[in-house]
Amino acid sequence: MQTRERVTVTLPPDLLATAKAAAHGNLSAYVERAIRAQALREAADAVSRWRGDTSGDVEEITEVFGEDIA
């Protein structure tokens, strides 16, 4: 198991309520998936800019990591 670190974040009440409802009892796992998904999207954007071609990057990432990531 990976080492975990406890952190504190401050969120608007409506966003927290939405996240809790979507998390189905495991807010930490939900937030981890959301952060990983955002990091992958940002990496794909950076790779696309570096390559100068954005035509297939989102589709490639979706194939590798799944629909909920891209």
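For region 10-19, a tally of residues being within 15 Å of residue 29 (Cβ to Cβ) and either exposed (fewer than 10 other Cβ atoms within 10 Å of the Cβ) or β-branched (Val, Ile, Thr) (or both) returns 0. Pairs meeting the criteria (first residue in region 34-52 and over 30 Å from residue 16 (Cβ atoms), second residue open to solvent by 50 Å² or more (accessible area, probe 1.4 Å), beta carbons under 9 Å, at least 6 apart or on different chains) are 48/54; 48/55; 48/58.
Being part of a helix (DSSP H, G or I), of a type outside the set (Val, Ile, Thr) and surrounded by 11 or more Cβ atoms within 10 Å (Cβ to Cβ) is the requirement here; does residue 34 meet it? In short, yes.
The values are calculated or read from the model by the stated rules, or taken from the named source; none is laboratory data. Quick caveat: nothing in here was measured; it's all calculated off a predicted structure. Quick reminder, even Gly has a Cβ in these numbers, built from the backbone with ideal geometry, and neighbours come from all protein chains shown. Ligands, DNA and RNA are excluded from the accessible area calculation, which covers all protein heavy atoms including side chains. Shrake-Rupley method; radii C 1.70, N 1.55, O 1.52, S 1.80 Å.
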